[in-house]
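Each remark here refers to the structure printed beneath this line.
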Ligand code: SAH
C-alpha cells in the first residue's frame, strides 16, 4: 500500500516505485513475487514485482488492476516486443537485434537479444528472475510465430545491478544446445563474431548499430581513430565504408584479439587496421605529443557514472578525452562522442563536450545528435530508458 499521494508516478505510467513511496507491504510476499499495488485509499493501481533489497521496491508489470499477470500475459508482452522489431527482423542483412528491452517493452529487468540462431537473456531484477523458467518456455513457444529459429537460449545474468537486488550471478544454457565459441552475425554489409559467454553485456553492443552505420557512410578515404574499440565494431564499419586506415585502442586484450579476427573475417587486414592495447587517456596524450592527426575520432567509453556521487569525476573524464580528441583532429574533422551512462544528462554531456572543444581552442559544430539503435526504444513514460547519448561534431 502506498503513502498518501504517492500514486502520482503510477498515474504517469512510470514503472518504478521507490521504497519511500510505500506505506506498508501486506501479506508475506517473497522476493520477486507479483504483488498488487494499492493507493492509501485502497484503490488498486495494478501489479508489479517486489524486490525487498532494492531501493526500487516494486517494478510494475501492469498499470491495469484487471490484468492477470500469468504465462498468457507474458506471452502477449513478448509477442508485442518482438512484433515491434518486425522491420529489422525481416531484413536478411541484419541477424542480430534486441528483442526485449526491459522497462521500455513493459517487461522491467528482462532483456533478450538475438544473435542469429542463438538467444541470450539477461534477468536484472528480482521480478525478472522470478520468471526465468516460464520465460524460457514462453520464448520457445513464441519465437517460431515470428519465423525465428532458436538453437539455444543462453543466460547472462551477470550484470553488477543484480547485487543490488540480492541476486547471485547466473550464467549458462537455459535451453537447446551450447552456443558455438563465436556466434556469427551479419550487420549490414559486415560480419562479426560474438562471444555470448564472456563478451560484454550479452556479447555485443547492439545499441551502437545505427551509429556504426553512420560511421560507415562518412569515413570514406579517412584516417580514423577508434577509441574504446571493443571487438572493432566502428572500425570494421568505417573500413567497409572505405576508410583509408583505422587505429583501434582498447585496454582489453581479449577484445582486441576478437577485433583482429573480425577485421580478418571482413577482409580488412594489414596496415589499414591497426590494434593497440592501452589506456585511451594515455594513448591520446601520447598521440598528442607525437603530433599524430586523424580525420575522424570515435570515443565510446564504458559507463563512467554509476552513482550521482561519481558524476563530477565522470564529467572530468569525458572532458579530458574529448579535449584530447579535438586536439588530434585535422581541421574539418569529425568527432563521434558518446556517453552510455544513464545518469549523465544529455544536456550536461553536450556542455562537457563544448567545454572540451573550447579548451582545445577548436570551433566545433554539432552536426547530428545520436542515440541508441531502433531496437532499444525509450518509453516516453520512462525517460530513464534513454541512456546512450552521442554527438557527431565537426571540429574546425
Ligand atoms: N564501441 C564499441 C563498444 C565499446 S565498449 C562497439 O561498438 O562495439 C567500451 C570498451 O572500452 C571496452 O571494450 C573496454 O575494454 C574498453 N575500455 C574501458 N576502459 C578503457 C580505458 N581506460 N582505455 C581503453 N579501453 C578501455
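No lab work stands behind these numbers, since they all come straight from the coordinates. Bear in mind the structure is a predicted one, so any value in this text is a computation, not a measurement. Methodologically, a virtual Cβ is constructed for each residue, glycine included, from the backbone with ideal geometry; neighbour enumeration extends over all protein chains shown.
With labels modelled as points extended 7 Å from the Cα through the Cβ direction, what inter-label distance (nm, one decimal) is found for residue 83 paired with residue 55?
Once both label points are built, they end up 3.7 nm from each other.
Quick check: residue separation of residue 265 and residue 150 times 0.36 nm, minus the Cα distance between them. What number comes out in nm?
Here the answer is 39.0 nm.
Determine, from the Cβ-Cβ distance of residue 170 and residue 312 and an R0 of 25 Å, the FRET efficiency 1/(1 + (r/R0)^6), rounded to the nearest 0.05.
FRET efficiency, residue 170 to residue 312: 0.15.
If I fit a long axis through the Cα atoms of helix 71-83 and take the longest principal axis of the Cα atoms of the chain, what angle between them do I get, 0 to 90°, rounded to 10?
The angle comes out near 30 degrees.
Checking the a/c ratio against 1.5 first, then a/b against b/c, what shape does the Cα gyration tensor give for segment 254-396?
Note, shape of segment 254-396 comes out oblate.
So between residue 361 and residue 217, what do we pick up on full extension, going 0.36 nm a residue minus the alpha carbon distance?
Extending this stretch completely gives an extra 49.1 nm.
Taking the Cα of residue 254, stepping 7 Å toward and past its beta carbon, and measuring to each backbone N in segment 108-124: which are under 18 Å?
In segment 108-124, the label zone of residue 254 (backbone N under 18 Å from the point 7 Å along Cα→Cβ) covers 120-122.
Mind checking the log10 I(q)/I(0) for segment 23-168 at q = 0.13 Å⁻¹? Debye, one equal scatterer per Cα, no solvent, two decimals.
Taking Cα atoms of segment 23-168 as identical point scatterers yields -0.59.
At q = 0.07 Å⁻¹, what log₁₀ I(q)/I(0) does the chain have when each alpha carbon counts as one equal point scatterer in the Debye sum?
-0.35
Which order do the peptides 93-101, 326-334 come out in when sorted by mean C-beta neighbours inside 10 angstrom, highest first?
So the order, starting with the most tightly packed, is 93-101, 326-334.
Quick check for you: which residues of segment 185-216 have the amide N under 11 Å from the point 7 Å beyond the Cα of residue 116 toward its beta carbon?
So the set is 185-187, 191-194.
Give the distance, in whole Å, between the Cα centre of segment 176-247 and the Cα centre of segment 315-334.
22
Before anything else, pin down the relative contact order of the chain: Cα pairs under 8 Å, at least 6 apart, normalised by residue count, whole percent.
This gives 11 percent for the chain.
Kindly express, to the nearest 10 degrees and within the range 0 to 90, the angle between helix 311-328's C-alpha long axis and the longest C-alpha principal axis of the chain.
Value to nearest ten degrees: 30.
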